[in-house]
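In what follows, a structure is listed as structure tokens, so that the remarks can point back to it.
The values are calculated or read from the model by the stated rules, or taken from the named source; none is laboratory data. These figures come from a predicted structure and were not determined experimentally. Cβ placement follows ideal geometry from the backbone for every residue including glycine, while neighbour counts extend to all protein chains displayed. Areas reflect the complete protein model, heavy atoms only, side chains present, ligands, DNA and RNA absent. Shrake-Rupley method; radii C 1.70, N 1.55, O 1.52, S 1.80 Å.
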Amino acid sequence: PPDGGWGWAVVFGASISVGFAYTFPKAFTIYFKELQAVYSISYSQIAWISSIMCATTYGGGPISSILVNRYGSRPVVIFGGLLCGIGMVSAAFCTSILQLYICVGFITGFGLALNLQPSVIIIGKYFLKRRPIANGLAMAGSPVMLCTLAPLNQFLFDNFGWRGSFLIFEAILLHCCVAGALFRPIRAATASVKTQSIEEGKGALKEEVTEDAMEMSSPTNVPMEGKMEEEGGKDCCEKINQYLDFSLFKHRGFLIYLIGNVLMFLGFFAPIVFLAPYAKHIGIDEYSAAFLLSILAIVDMIARPTTGIIANSKWVRPRIQYFFSFSIAFNGACHLLCPLASGYTGLVIYSIFFGLAFGMVCAMLFETLMDLVGAARFTSAVGLVTIAECCTILLGPPIGGTLIDTFGDYKYMFIKCGAVMVLAGTFLFIMNYYNYRMLAKEEKERKAKEDDPKSVRTENEGRNNWNKETAQNGPELEPLREEQEIQKKEVNGT
């Protein structure tokens, strides 16, 4: 990877795409009170809009990964921007909450999915040494957007109503197409391509000679239908694995990350969804309630690149999984303390600490996954992780809304989210400690095996035995060898 150059333009485009993907479901909560009044629905019913949108954004991960592997990041992001625009235009003409679920939740959510994964994937192709910093800067697009969109939503709603605001947002979301145009694919040098094609040609000639020799060496012409069927089945599996690497489910670090994140997302988005409605519930005016999201976004904006710089340091990067676990537990602790905030000042303090914790988690969310599986398998890993996470993302806000409807108080929702996230952070910390110990033990055993002369001697004995068996069968295969040598000479002559 070039680790710079046009990569910084890619980071700028990724910050726009990631910003819309993460921010729009949160900024959309400004319209919840009005939509509740228009359609006469409960908190849990209105929460399904953001839930479906977030779940579709994450659940569309495998489809997004397959499309990126097939077509590249640029066309996928541009198409995702167009889908977002179509979804918001359709939402402006909706007459029922079910239609909003489809237009805003599914269509716009899937468009955001086609923006999120390609933006994260292409950063891994442009950066290696500076990857944590690049990821932190790209993720900083989310708080920048939130800081802007939360007050803008309130302004648009006051002047144009919710239907007019949706039409204006359609034009704003089309900027994802402009961001996608910056995702120029990395191409190999012309000289290296020519060299590779020459080597491939030589390899093809050698393979043809070997195949001819193998056909001639077969004692009888046995029908090959069964073998062809097996190869066909293998080819099908290989094609599937080409786009989604299911062997990751045998990867210990990946499974630990997956379980911890699935648990974490049960309480990750609900506090943001209900922060502005909670402020309005305790008597704070609408603009001050929207400003709480801006405060959260400003702190988040500073926290993400700062976290990226800290994570890239020589002290933290070798053990970045511990830092990630601490961030999740810290996030949960903020939610547990939120019910103690009785007035606007308390909510401002909560928003500051929540923004810090939220920024720390988001800055390392994909970096820790890439640290575990490597850049080569990252595309498949993102797709598999997001499809697993979408279930808890879908259920998180509606469960919080149900708690609010049942008890008539927001504090139980915050306590639930905090407890779940502290549990997820503790689980990841313990299991990552176990994973690091096992990796160190496996590395020690591998080095001991390499240094052990007995194992080297056993390998040499096996090679010698194989050579002896080949020599014993020499007279029988001598005619075939002569023909094979003649074919090789003919190929070399041409």
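What part of the accessible area of the stretch 1-113, given as a whole %, is carbon or sulfur when the probe is 1.4 angstrom? Before the final figure, lay out each step's value.
Details: 2610 of 3690 Å².
Solvent-exposed carbon and sulfur of the stretch 1-113 make up 71 percent of the total.
Spin-label pair residue 449-residue 344: with each label point 7 Å from Cα along the Cα-Cβ axis, the two points sit 6.6 nm from one another. With each label modelled as a point 7 angstrom along the Cα→C-beta vector, the residue 441-residue 40 pair spans 6.4 nm.
For the stretch 279-350, with only Lys/Arg (+1) and Asp/Glu (-1) charged at the beta-carbon, what is the dipole magnitude about the Cα centre, in debye rounded to 20?
Values: 5 positive and 3 negative charges, 100 e Å.
That gives a dipole near 480 debye.
The mean accessible area for residues of the stretch 1-185, using a 1.4 Å probe and ignoring ligands and nucleic acids, is 33 Å² per residue.
A 20 angstrom limit on the alpha carbon distance is what I want to check against. Which of 125/314; 26/280; 129/314 exceed it?
Values: 125/314 22 Å; 26/280 16 Å; 129/314 11 Å.
Result: 125/314 exceed 20 Å.
Of the accessible area of the stretch 243-446, computed with a 1.4 Å probe over protein heavy atoms only, carbon and sulfur atoms account for 72 percent. A Cβ-based charge dipole, computed about the Cα centre of the stretch 1-185 with Lys and Arg at +1 and Asp and Glu at -1, lands at about 560 debye.
Applying 0.36 nm per residue to the separation of residue 412 and residue 99 and subtracting their alpha-carbon distance, the gain on full extension is 109.7 nm.
If the chain between residue 282 and residue 336 were fully stretched, how many nm would it gain, using 0.36 nm times the residue separation less the Cα-Cα distance? Write down the numbers at each step before the final one.
Working: separation 54, 0.36 × 54 = 19.44 nm, distance 1.82 nm.
Stretched fully, the residue 282-residue 336 segment lengthens by 17.6 nm.
With +1 on each Lys and Arg Cβ and -1 on each Asp and Glu Cβ, how big is the dipole of the stretch 243-446 about its Cα centre, in debye rounded to the nearest 20? If you can, show how the numbers build up before the last one.
On the way: 14 positive and 12 negative charges, 149 e Å.
Charge dipole of the stretch 243-446: 720 debye, to the nearest 20.
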